[in-house]
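Step one of this worksheet: look at the structure below.
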Amino acid sequence: MWRRSLNKLLAALFLLVFSGAAFAETYVVQRGDTLSLILQDTFTFSEVNSIAKQIKAKYPSYILKAGMLAEKSADSFALRLSLDKEIMVSRTELGEVEVELFTYPTESLVTLIQGRINTNLFSALAEIGESAELAQGLARIFEWEIDFLKDIRKGDTFKVVAEKRFVRGKFTGYGRVLAAEFNVNKRSHKAFWYKAGTKYGYFNENAKVLERGFLRVPLPYGRITSRFTDSRLHPVTQKYQPHYGVDYAAAVGTPVMVTASGVIVRKSYSENNGYFVEVRHSNNYSTFYLHLNGFNNAVKQGAYVNQGDVIGYVGKSGMATGPHLDYRIRHKNRWLNPLDFIAEVPVLERFDKKEFALLAEKYTKIMNPVQIFDSSVMYAINTIPVMLP
Ligand SMILES: [Zn+2]
């Protein structure tokens, strides 16, 4: 008994599927095809002319390309120009041909993407099916925080809440990165996208903007006594030689702050520079702090320092006539004038701290869902759609 009804159902399905197929056939545009060649058996010569004219008017950049998909039936024609654009040709009730340009909507889905880095961020994202576009976006957001070439260690992890765009179910690219968290070399770096007024930027959990170039001056106070020059009379050697830094006269013991976050690569002494510190920053920048009286012993060589951290104290060690700090910036192999060097930082005039705190809390929860599974299972599920409250 049930078999007979099943057969009926199958027959109905068969009809449904194949009746459609009988009316519309899919055609792949071939090399050398023209609109009139494709349409000659469906439309008259003058109709084809009218169709061509209407297409040019509605879609000026139209070009028929081999490989394009078309659907033909006895009285209609649809040509897929791209994933989201389709030209549809039909007959009106009056029997005239009509061309319409149809655009499929782009859908945005917020997803949580997470993974573990074995070699670098690009391969880690590729391993979980994400593209280089996302890696580049993340590298830009964290450019002053993380040196993706030098800081990354095997086992570092990341979590990203990002918009993904789809047209007809197919991924077309990323929208905004709304929040991200990196655990790099046992340090956590967070970024939250926040907009106030017309301006927006990325801020960490303490509402500090991530895109922060360098502090203008590495001292709380000090007087410039010597500027950056290719040639000056050296006060000690009495010879003309370049001076690739800015000297700030200040009392012995005045704290010296690192002007941007980075890693202390040298804490050393030399005859010329005296006690000095070299800090390596992202984007191939280094800063130097010379003639110190001493170091801040809490800051070890190889340690990560945050912008504004005290790394040492003003002194007159090395070749110096009086207590001062000689501050230098190098980009790749070129010395820059610290007084000309300004890294722009976006200023949000209407930053609402309360609103930002709520936003940061919301995304932190999304990135750290209550873990029912052990972490190895969580990492196996790399992309999860997120329900935004
Ligand atoms: Zn100097």
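Out of (1) under 27 Å from Tyr174 (Cα atoms); (2) modelled with pLDDT under 90, what's the single condition that is false for Pro60?
Condition (1) is where Pro60 drops out.
If I filter the range 273-283 for residues that are within 13 Å of the ligand (Cβ to nearest atom), assigned to a strand (DSSP E or B), modelled with pLDDT of 90 or more and under 22 Å from Ile146 (Cα atoms), do I get at least one hit?
Kept after step one, since they are within 13 Å of the ligand (Cβ to nearest atom), are these residues of the range 273-283: 273-274, 276.
Imposing the further condition that a residue be assigned to a strand (DSSP E or B) reduces the set to 274, 276.
Okay, now just the ones that are also modelled with pLDDT of 90 or more, so 274, 276.
Then keep just the ones that are under 22 Å from Ile146 (Cα atoms); that gives none.
The answer is no; no qualifying residue exists.
If a residue must be open to solvent by 40 Å² or more (accessible area, probe 1.4 Å) and within 16 Å of the ligand (Cβ to nearest atom), how many such residues does the range 193-228 contain?
Residues that pass the stated criteria total 7.
I'd like to check something: does the range 213-226 contain any residue that is among the hydrophobic types (A, V, I, L, M, F, W, C), modelled with pLDDT under 95, closer than 30 Å to Leu178 by Cβ and not in a strand (DSSP E or B)?
So the first thing to find is which residues in the range 213-226 are among the hydrophobic types (A, V, I, L, M, F, W, C), and the list is 214-215, 217, 219, 224.
Subset that is modelled with pLDDT under 95: 214-215, 217, 219, 224.
Filter once more, keeping what is closer than 30 Å to Leu178 by Cβ: 214-215.
Restricting the remaining residues to those that are not in a strand (DSSP E or B) gives 214-215.
Yes, the range 213-226 has at least one match.
Out of the range 231-260, which residues are at pLDDT below 85, within 14 Å of the ligand (Cβ to nearest atom) and assigned to a strand (DSSP E or B)?
Scanning the range 231-260 gives Ser231, Arg232, Leu233, Gln241.
Can you list residue pairs whose Cβ atoms sit under 6 Å apart, with the first residue in the range 312-334 being within 8 Å of the ligand (Cβ to nearest atom) and the second being of a type in the set (Asp, Glu)? Count only pairs 6 or more apart in sequence or on different chains.
Note: pairs meeting the criteria are His324/Asp247; Asp326/Asp247.
Exactly one condition in (1) assigned by TED's automatic domain parsing to the domain that holds Phe192; (2) within 13 Å of the ligand (Cβ to nearest atom) is false for Ala360; which is it?
Status for Ala360: all satisfied but (2).
When Arg266 is evaluated against the numbered criteria (1) modelled with pLDDT under 95; (2) among the charged types (D, E, K, R); (3) part of a strand (DSSP E or B); (4) more than 16 Å from the ligand (Cβ to nearest atom), which criterion, by number, is the only one it fails?
(1)
If I ask for residues that are among the aromatic types (Phe, Trp, Tyr) and without any contact (Cβ under 8 Å) to a residue 60 or more places away in the chain, which ones from the range 248-284 would you list?
Tyr269, Tyr275, Phe276
The values are calculated or read from the model by the stated rules, or taken from the named source; none is laboratory data. What you see is a predicted model, and the numbers here were worked out from it, not measured in a lab. Every residue, glycine among them, receives a Cβ derived from its backbone with ideal geometry; neighbour counts consider all protein chains shown. These accessible areas exclude ligands, DNA and RNA; they are computed on the full protein's heavy atoms, side chains included. Shrake-Rupley method; radii C 1.70, N 1.55, O 1.52, S 1.80 Å.
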